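The structure under discussion appears below in the form of structure tokens.
Read-outs: derived from the displayed coordinates by stated rules, not from any lab. Since the structure is predicted, the reported quantities are computational estimates derived from the model, not experimental observations. Here the Cβ is made from the backbone with ideal geometry for all residues, glycine too, and neighbour counts use every protein chain on show.
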Amino acid sequence: MSQGRGSAVIATTMMLCLVVLFHFEVAEAASYAVGGSGGWTFNVSGWPKGKKFKAGDTLVFNYNSAIHNVVAVNKGGYQGCTAPGGAKVYQTGKDQIKLVKGQNFFICSIAGHCQSGMKIAVIAM
């Protein structure tokens with residue numbers, strides 16, 4: 001009898017551990033609407049300030065796709081407001097981009113938009 005109860009306790013404990021691990025995996029990733037209710041627009045470069053991002057979090061870029069876009073760039077592209085050739089250009093107006101660990105840079109590559117503050121730099125831990 002005791003052997004049967006011991007097996008049941010071990011199986012229950014293992015199931016509980018799996019449920020807890022799954023919960024933590026799902027709960028870790030967060031989603032952020034870039035620019036808040038104003039969306040991806042001009043003067044949004046200060047939006048990340050004070051927020052703590054993690055690798056795997058998703059940035060949601062909401063914007064008018066007829067007049068804006070989103071391009072993931074490197075630090076040089078961010079500082080110089082230039083998109084490298086072959087860079088992925090997002091144009092749906094509802095783009096969801098998962099953050100990688102470290103620095104993540106995004107700009108609008110429409111002429112003059114990045115220079116008007118339509119860019120963000122995000123560091124994900």
I need the full set of residues from region 75-107 which are of a type outside the set (Gly, Ala, Ser), within 22 Å of GLY56 (Cα to Cα) and surrounded by 15 or more Cβ atoms within 10 Å (Cβ to Cβ), in order please.
TYR78, TYR90, ASP95, ILE97, LEU99, ASN104, PHE105, PHE106, ILE107
Criterion violated by ALA124 - all others in (1) more than 16 Å from LYS54 (Cα to Cα); (2) in contact (Cβ under 8 Å) with a residue 60 or more places away in the chain satisfied:
(1)
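Rundown of residues vs (1) farther than 22 Å from PHE53 by Cβ; (2) in a strand (DSSP E or B), yes/no style:
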residue	(1), (2)
TYR78	no, no
ALA87	no, no
GLN96	no, yes
VAL100	no, no
SER109	yes, no
ILE120	no, yes
Residues of region 65-76 being out of contact with any strand residue (DSSP E or B) (no Cβ under 7 Å at 6 or more places or on another chain), part of a loop (DSSP other than H, G, I, E, B) and not hydroxyl-bearing (Ser, Thr, Tyr), in sequence order, are ALA66, ILE67, HIS68
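Do you know which residues across region 59-74 are under 17 Å from VAL44 (Cβ atoms) and surrounded by fewer than 13 Cβ atoms within 10 Å (Cβ to Cβ)? Steps first, answer last, please.
Of all residues in region 59-74, those under 17 Å from VAL44 (Cβ atoms) come to 59-65, 67-73.
Across region 59-74, the qualifying residues are ASN64, ILE67.
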Of the conditions (1) in contact with a Ser or Thr (Cβ under 8 Å, 6 or more places away or on another chain); (2) surrounded by 14 or more Cβ atoms within 10 Å (Cβ to Cβ); (3) in a loop (DSSP other than H, G, I, E, B), the single one that ALA55 does not satisfy is (1)
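Quick check, is SER116 over 24 Å from LYS52 (Cα atoms) and surrounded by 18 or more Cβ atoms within 10 Å (Cβ to Cβ)?
On the way: over 24 Å from LYS52 (Cα atoms): yes; surrounded by 18 or more Cβ atoms within 10 Å (Cβ to Cβ): no.
Here the answer is no, as SER116 does not meet what is asked.
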Go through the residues of region 26-37 one by one and say whether even a single one is over 11 Å from the mean Cα position of the chain (by Cα), farther than 17 Å from MET118 by Cα and not acidic (Asp, Glu).
yes
Six or more apart or on different chains, Cβ atoms under 7 Å: show the pairs whose first residue is in region 35-61 and within 23 Å of LYS101 (Cβ to Cβ) and whose second is of a type in the set (Lys, Arg) and surrounded by fewer than 15 Cβ atoms within 10 Å (Cβ to Cβ).
ALA55/LYS101; GLY56/LYS98; THR58/LYS98
